[in-house]
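A short worksheet on the structure shown next.
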Amino acid sequence: MKAESELLSVTEKKVEDVSNGEVERRLQEAEIRLREAIEELERRQRRARGAYPPCDHADDSCVANAIGNLCQSFLLSYGVRVGIGILLRAFKLARKQSYGSILDLKQLVSEKDLIVREEACRIGLLFGGFTGSYHAMRCLLRKLRKKETPMNVIVAGSVAGLSILALDDANRRRTLALYLLARLSQCAYNSAKSKNKFHLWGSHWGHGDSLLFSFTCAQVMYAFVMRPESLPKAYQDFIQKTGPVAEPVYKAIRDCNRANPLDIAQLSAYLSDKKGSEFVNLEEFPSIIPCSIIHPDTTSCLAQNGKATSDTFRKTFPLYFSLTLVPYVVLHLQKFMKAPARTCWNALKGSVRSTTFLSAFVGIFQAVICLHRKVAVKDHKLVYWIAGGIAGLSVLLEKKARRSELALYVLPRAVDSLGYILVNRHLVPKIKKAEVALFCMSMGGIMYYLEHEPDTMAPLLRGLIRRFLASKISNPSPTSSRGASYTYLQTLDAIKKPKLKNKASSQETYYSLENISGL
């Protein structure tokens, strides 16, 4: 009898829970329908009055809102670039064991040693100009078209994309445009896949991002060895400084593969300072450049690979740490002030992991080149493509979330290099200022996906663009032009928020660049 009563009470409780869940679900559906009806009513009223949709920038005028957002984005991007430069300068002084000079502003931020002012201003104008002009165009299109449609977003993003002209280097503009084109393609693909319209074969693979990174690295490393002019100068310099092989050796490898005579004088001048190089036999037309020329400092390929890996870690760790810590501090000052020690620790761990990945990449690439010389007597340019692809598998050392980011970062470099080679061979026509048009088109599409299909974007890119679009727009406040129905919706949202949360938030101290006087 007791068991029956317990079973009955449990059954009644389950029925009650199901009933409560059903009621809550119906209330949510009714609320959604009410919202849609109110919004449709407001749209009809505006069309009847011939009015345009209200702007989401509180009581500020459209001009003041655009200028405010421009200044805020300019300061953020300028601060990030200068902060990275100062931190790298501090690492350089520490490497020289000049620790006291880190506290000396004359040595830390002098105009002679910290030349970032022009570049920081150009980057600030790029981000600030885009943000300000984007919001200005949005307001203008609302007033001219008297409606808010996805076309407004696309046009505003495309016009604001002209801010790319703030960068005076065509190579940097082209690289940035190709990067955004890759991101736009990612958004379009994710959108089509989510709607079951299209998907690539193998898109369900767990390591598809690593495979993409490997293919892009193959093209980039092939271009660096065989066609270095197809890569931006800054990118060439970075790879050259990171790797263990000198530039005269790469030139000798290119001449060898192209059946050109080696520059014996230049190669001899390079080898003259290397110990053991007097035993190297230099030929004008060799079939392959031996390991004794590639790494003349040591006769052991294994020892050379280990040294190349450790040297790369030592040289690139300050850069990775600066790129990890400074943007987070500047863009998320509030979170940093809450837990500075944890932020620095997370930045340190992430930097060590990323530097380990890059060091392994250099070591593997060098190992494949040396291995080829152990088993072959003739060189071939395809070897460097394969070596780059195998070295690209080192990306598996990175976090899963970072692999696709790295693949999409290297992809534009590979496409740029391939495009240069095709243009150079007259297979593709060269179009002047094509990178500007490509950047504008890409930004128009990205802004559309940001506002209408944000889930198709990578979280990192989505958060970064929203941060630079300024918090004034990210958190709009109601204006006096809103109708009574909008006020009702705001009240409906306020009822759903717990009061305890509001009380706790009032006691917190917020740190943000927007709250600092003068910024």
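The values are calculated or read from the model by the stated rules, or taken from the named source; none is laboratory data. Everything numeric here is computed off the predicted structure, so don't read it as measured data. Don't worry about glycine lacking a Cβ; one is built from the backbone with ideal geometry, like all the others, and counts go over all protein chains shown. Protein only, heavy atoms only, side chains kept; ligands, DNA and RNA dropped before computing areas. Shrake-Rupley method; radii C 1.70, N 1.55, O 1.52, S 1.80 Å.
Some notes on this structure:
- Helices (runs of 4 or more DSSP H) lying entirely in the stretch 408-519 (those with 3 or more residues that are modelled with pLDDT of 80 or more): 434-452, 459-468
- Breaking point among (1) assigned to a helix (DSSP H, G or I); (2) of a type in the set (D, E, K, R); (3) open to solvent by less than 50 Å² (accessible area, probe 1.4 Å), for D379: (1)
- Test: residue in the stretch 447-462 that is touching a residue at least 60 places away in the same chain (Cβ under 8 Å), more than 30 Å from E148 (Cβ to Cβ) and under 15 Å from the mean Cα position of the chain (by Cα): no
- Within the stretch 18-55, the only residue that satisfies the criterion of being at pLDDT 70 or above and either polar (S, T, N, Q) or in contact with a Pro (Cβ under 6 Å, 6 or more places away or on another chain) (or both) is Q28.
- Residues satisfying the stated conditions in the stretch 223-239, i.e. open to solvent by less than 20 Å² (accessible area, probe 1.4 Å) and over 18 Å from D255 (Cβ atoms): L231, P232
- Flag if L382 is touching a helix residue (DSSP H, G or I) at 6+ places or on another chain (Cβ under 7 Å), more than 27 Å from L165 (Cβ to Cβ) and not assigned by the TED database to the domain that holds V159: no
- Filtering L178, L262 for residues that are modelled with pLDDT of 80 or more, part of a helix (DSSP H, G or I) and of a type in the set (A, V, I, L, M, F, W, C) leaves a single hit, L178.
- Flag for E148 being modelled with pLDDT under 85 and either surrounded by fewer than 17 Cβ atoms within 10 Å (Cβ to Cβ) or within 18 Å of the chain's Cα centre (by Cα) (or both): no
- Residue list for the stretch 283-314, restricted to those being touching a residue at least 24 places away in the same chain (Cβ under 8 Å), in a helix (DSSP H, G or I) and surrounded by 17 or more Cβ atoms within 10 Å (Cβ to Cβ): C291, I293, I294, C301, Q304, N305, K307, A308, T309, T312, F313
- In the stretch 130-145, the residues that are without any contact (Cβ under 8 Å) to a residue 12 or more places away in the chain and farther than 13 Å from S158 by Cα never reach a residue that is crowded, with 20+ Cβ neighbours inside 10 Å and not basic (K, R) with C-beta atoms less than 7 angstrom apart, at least six apart or across chains.
- Test result for Y328, at pLDDT below 85, in a helix (DSSP H, G or I) and hydroxyl-bearing (S, T, Y): yes
- Take the conditions (1) open to solvent by 40 Å² or more (accessible area, probe 1.4 Å); (2) more than 23 Å from E283 (Cα to Cα); C217 misses just one of them, which is (1).
- Taking the stretch 196-230 as the range and being hydrophobic (A, V, I, L, M, F, W, C) and either modelled with pLDDT under 85 or outside the structural domain of L393 (by the TED database) (or both) as the test, the residues that pass are F198, L200, W201, W205.
- Every pair of residues 6+ apart whose Cβ atoms lie under 8 Å, when the first sits in the stretch 409-429 and is open to solvent by 70 Å² or more (accessible area, probe 1.4 Å) while the second is assigned to a loop (DSSP other than H, G, I, E, B): Y420/R227
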